Amino acid sequence: MRNGPGLFSASWALLRKDLAIELRTRESVPAMALFSVTVFVLLHFGTGRDTFSGGLAAGLLWVTLLLATVLGVNRLFVAEREQGGIDAVLLAPVDRTAVFIGKAAALFLYLVLLEVVAVPAFALLLLAQGSAVAVLPLAGVLLLTDIGLAAVGALVAAMASETRARDLVVPMLLLPLVVPLAIAGASATEPLLGAAGSAPELLRWLGFIGVYDMVFLLLSVAVFDFLLED
Amino acid sequence: MFGRGLRALSVATALAVLVAFGLIFFYAPNDADQGFVQKIFYLHVPLAIVCLGGFIAGGVLAVKFLRSGDRAWDLRSYVAIHMSVILGIAVLITGSIWAKASWGHWWVWNEPTLVVFLIVFLLYCVYQPLRFSIEDSERQARYASVFAITAGVFVPLCFAAVRLAQPLVHPRVLTGAGASLPPSMALTFFVCLLAMTLVYVTLCKVELTSKHSRDMIRRLRRRLEPAGG
Amino acid sequence: MPALPLGTGGTYVAAAYVVFLALIFVYVVVIGARAARLERDLAALTDALDKKEAAG
């Protein structure tokens, strides 16, 4: 082992650095939130409908969130690329896994912030009147899905960071990879937005999202070293 | 040398394909439900199995590359995925034709295997652009391998998600690949599977031989040029 | 041996097999073009080598 800081203190330091940059520049999260609200407006005019309910509402919400995730993933390595910060990180005696954990944690926080804005905005703007939203289970589904999204997003961001057509590669790579999350997320959310309340299906979908999270976390930790090697 | 044994392999492939097509049209009986249209099954399903197998093989070969650092494994992984993408086009077109013939629509969203196949195909279509938008060849091999492994792990996950989303078991012809087929159809199916596997391996070998030759010529030219000029 | 039952979806079966054959033939064309390029490159190399030997 190297004689550097431990895995968690290194990840924490990298995460704090990313959050400090985001707090100063305010680039990713406001853009993601603004983007999703704009998509809601587009959905209204594109479909000519004022409200959505049930499966359609869940599907549109998830598609919007996933598209907003693409924006965040596109910006994830931008500081490193523009200012050459990744070399400094790689020179420091820290485990490469710490870079992954730091980036994924940052993306996770961005996604949570995005949802804090986008989900109430969706409920306000487009959700059918009188829908009984089960807030706590919905928050659970969102948080669990964010873990998987953050893992895949950090991996995709690192994979695309050295390519020429970065902003094209990220959506083409990320969107097919998150299709299972879109299926599971939308199916789990559908009963939570309607009057039906929670359904027995919910646990099955949460289980699936959990498996997805585990698989991609482990996979990313296993392969991330090869993306940063030099 | 990637070309070793290519001639014997090609002959075996040609024979296997001939026997397979002969069995399909002259030996296997017409399906009781679907009639003659079911003959597409012998082409479409083996192609799809070989194609997905090739994607998984690409992932395994990529692991071998990352473990060993030997560029030949990366080349094999690349060719395996490249050929699978090409077969994937045939799988989607034949699947679509089959859907039209037996269900009346060119595309059906409630056939999970077809839907998963489309998602997986879309993902693997990015392999080539990702690979060739990285200039440094050593880094190209590493990043492409990471992609191959990620996508290989993704394939079963995607199957699980789409299967879970099916509300009920919907009547399907190909449950358990040949398990419920009458023996004459099962025999034909397995011969077709063997033939398609051979076609895939032969195409991969041809591609590898041609890519390796091109690389060797490039190296020769590079050795000759500084001395000559 | 059943004749090709074109009325009962035989065209679809034929179309599927034609797609497969077409794909194989397209690949043969690609490989052919590549073989031609290999030959051209090899010829250029041989030329360069001949010149070098004549000069030195």
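No lab work stands behind these numbers, since they all come straight from the coordinates. All of these numbers come straight from a predicted model, not from anything done at the bench. Glycine also receives a Cβ, built like all others from the backbone with ideal geometry; neighbour counts cover every protein chain displayed.
Could you tell me the calculated FRET efficiency between B:R219 and B:D33, based on Cβ-Cβ distance and R0 = 56 angstrom, to the nearest 0.05? Walk me through the intermediate numbers first.
Numbers: r = 58 Å, r/R0 = 1.03.
Approximately 0.45, to the nearest 0.05.
Considering all alpha-carbon pairs of region A:2-89, what whole percent are spaced by more than 20 angstrom? Counting every Cα pair in region A:2-89, those more than 20 Å apart make up 52 percent.
Taking every residue in B:133-145, how many Cβ atoms of other protein chains lie within 10 Å of its Cβ, on average? Walk me through the intermediate numbers first.
Working: counts 8, 6, 3, 1, 0, 2, 6, 2, 1, 7, 8, 1, 2.
Mean inter-chain Cβ contacts per residue within 10 Å come to 4.
Counted by neighbouring Cβ atoms within 10 Å, the residues C:Y27, B:Y127 run from fewest to most as C:Y27, B:Y127.
Regarding chain A, what is the average projected area of its C-alpha convex hull, in nm²? Mind dumping the intermediate values first?
Numbers: hull surface 51.4 nm².
Taking the Cα atoms of chain A, their convex hull projects to 12.8 nm² on average.
Counting only Cα atoms, region B:1-127 measures 53, 36, 16 Å along its principal axes, largest extent leading. Given R₀ = 45 Å, FRET efficiency for C:L45-A:V221 by Cβ-Cβ distance, to 0.05? FRET efficiency, C:L45 to A:V221: 0.45. The fewest-to-most ranking of B:L181, A:L65, B:L123, C:L38 by surrounding Cβ atoms within 10 Å reads C:L38, B:L181, B:L123, A:L65. Packing around the peptides B:134-144, B:77-87, taken as the average count of other Cβ atoms within 10 Å per residue, puts them in this order, highest first: B:77-87, B:134-144. Residue by residue, region A:23-39 carries 3J(HN,Hα) couplings of 5, 6, 8, 6, 9, 5, 4, x, 5, 4, 5, 4, 4, 5, 5, 4, 4 Hz when phi is fed to the Karplus relation 6.51 cos²θ - 1.76 cosθ + 1.60 (θ = phi - 60°); x denotes Gly or Pro. Note on region A:148-167 and region B:26-46: Cα centroid distance 44 Å, given to the nearest whole angstrom.
In this label model, A:R16 and B:V11 are separated by 7.2 nm, measuring between points 7 Å along each Cα→Cβ vector.
Where only DSSP H runs of four or more residues are counted, chain C gives -30500 deg cm²/dmol as its mean residue ellipticity at 222 nm, each run worth -39500 (n - 2.57). Cβ crowding within 10 Å, taken as a proxy for footprinting-reagent exposure, orders B:D31, A:D18 from fewest neighbours to most as B:D31, A:D18.
In this structure, A:E229 and C:A14 have a Cβ-Cβ separation that, at R0 = 41 Å, corresponds to a calculated FRET efficiency of about 0.20. Shielding by partners for peptide A:177-183, expressed as the average number of C-beta atoms from other protein chains within 10 Å of each residue's C-beta, is 6. You can think of it this way: the chain between A:T51 and A:A121 has 23.9 nm of extra reach, that is 0.36 nm per residue less the Cα-Cα gap. Sort the protein assembly as shown into rounded, prolate or oblate with this rule: let a ≥ b ≥ c be the square roots of the eigenvalues of the Cα gyration tensor; rounded if a/c is under 1.5, and if a/c is not under 1.5, prolate when a/b is larger than b/c, oblate otherwise. Note, shape of the protein assembly as shown comes out oblate.
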